[in-house]
1. Order A:111-118, B:162-169 from most to least packed using the mean count of other Cβ atoms within 10 Å.
2. Going by how many other beta carbons lie within 10 Å of each one, how would you line up A:16, B:48, fewest first?
3. Can you sort A:152, A:7 so the residue with the fewest Cβ neighbours within 10 Å comes first?
4. Give the average, rounded to an integer, of partner chain Cβ atoms located within 10 angstrom of each Cβ in B:229-236.
5. Compute the angle between helix B:94-107 and the longest alpha-carbon principal axis of chain B, please, reported from 0 to 90 degrees and rounded to the nearest 10.
6. Could you state the angle between the C-alpha long axis of helix B:247-259 and the longest principal axis of the C-alpha atoms of chain B, as a value from 0 to 90 degrees rounded to the nearest 10?
7. At 222 nm, what value in deg cm²/dmol follows for chain B if DSSP H runs of at least 4 each add -39500 (n - 2.57) and the sum is divided by all its residues, to the nearest 500?
8. Considering only C-alpha atoms, what is the centroid distance from the range B:178-209 to the range B:90-164, in Å?
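Throughout, read-outs are computed from the coordinates displayed, never taken from laboratory work. Note that the coordinates shown come from a computational prediction; the quantities given were computed from them, not determined experimentally. Glycine also receives a Cβ, built like all others from the backbone with ideal geometry; neighbour counts cover every protein chain displayed.
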């Protein structure tokens, strides 16, 4: 079983999947880091984004990668509006309320999708859906390779943005010290909404990279949201580097686990890690003790 | 009834009177068509949703038969009454199938032909039983469909128990002919009733024939990535790979095997495999070459089948089992109505139950229904050879020798 010729492709497969997981988790960890809320609607919003990519392809014939310039700003705007007009308003300054608001949002979005688009599982066909790339003897599917580099690029852009730009500084300031940020003249409400928007923009990008090799149905987000939470906990709540590393770890564990234990049991490894982290290093790999 | 008898008498007389045979026949049909009340037949298939591709082919096959029967003068014992299709779409969901049956009952159908997928057939036959509507199951291979004692349910084709047993026997024959090079098997199946049931039968019966089942792998619908399953296959290195899944997953699995350079002695599928799909053979000839499938198939030596295949291909459709199983089911129904001489549901049920119809081109022999199952129904084993689908087993129907083990 320990043949390298089998293990190596499996690890590569895991890394490519992990990159997309990381991108999804980045959005989640950003929202948590700044707003201190756990966005339960993350999976449902990803589902909406996947439908967006699907319909752009099915109705307008737009290639999923060409849909990036539409989906990323579109999801950003949706996120900004959601935080500004729905979640922020419902919170009344209490974090527990936001928890309920995002949970409620999940129910609304999922049932809306069920009503509008039915429970059918849909896929798209692109010329490259079934093509593969030879990576040192391992055949990896082309959409996964694109997703890997796409997710890495998106992550790099996000990190640079947070580190360099004024808004990035403001976001970090609000994340650290909300009151202090307000005192120096940062519009906290605006920063909240911007962070939420950027978090969802990550999902817009992830959806474009996912769909060529995946599918969409109203429940598709549930699987991702669990994995994304595990990654965020593993990497440390609010840590970007942690989300990236966590994504890769989870991707590889899932892939190699699937190889050993079969497709249905492959995800066991993820949850074993989740429990182990909670027991032995609850702050995560890059998290600081508070 | 009296009116119908009178009309029959009148038609007989007028037919006798008509002098020119050809011209007379046409005139005769014209009058009869205008007078005899049409017989409504529910044509129920999943033409949208998950299995839409197959459902549309089913509908096409049923309509082809209805058009032919009508063009040939309709039901003669009923004064040339025409068949009128009442179309229904089950949307690939059992519950929608049930509501379509309700609508068809309201519309006053005499019988229903459909509804392709096992899960939908289970639901629609039950719903039709409530109103005593005779229901011809066109494909639906799950054996539960005909094991519930429903008097209205008739299945012309074979169920998966018969198919799986035939598949195992023929595999063994093929292997024995080649001096038994194959010893190990890996089964890959989809998660629903059809795949799981088939896989269980395979896993329980193959060891008795001397094959070691290395692993049984279940996958979801849809699955968009078979890399892990194929990598595992590479590690286990089975002599024979048996997939039991639907078209999309089958195609992706076989393509992934090709990409990863996994080449067992045979890819031998049980139902749903693409070795019985002209679409697959046409679109991916190099991947399809050599694959074997045990599935519904027509008697390749029957001229009527070959003629129909030409006719279907002429209108740019694929001649798949969905098409001809429905085509034949409609003819079977027409034969029953003809003998019953009535559009009444009970009369048609009785006529179907006592049917011994042999004017079909399937390898089944005359129909004989026991508890709604046609006893002679059986599958054939097919292999893609040189870009064409050939029957390779059993011997009495074979067009070519099976190529086994396959050397790619």
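1. Details: A:111-118: 13.5, B:162-169: 20.8.
Descending packing order for the listed peptides: B:162-169, A:111-118.
2. Neighbour counts put them in this order, fewest first: B:48, A:16.
3. On the way: A:152 14, A:7 18.
Fewest-to-most Cβ neighbours within 10 Å comes out as A:152, A:7.
4. Values: counts 4, 3, 13, 8, 1, 4, 9, 1.
For peptide B:229-236, the averaged partner shielding equals 5.
5. 10
6. 30
7. Details: 14 runs with 183 residues, N = 408.
Result for chain B: -14000 deg cm²/dmol, rounded to the nearest 500.
8. What the calculation gives is 28 Å, centre to centre.
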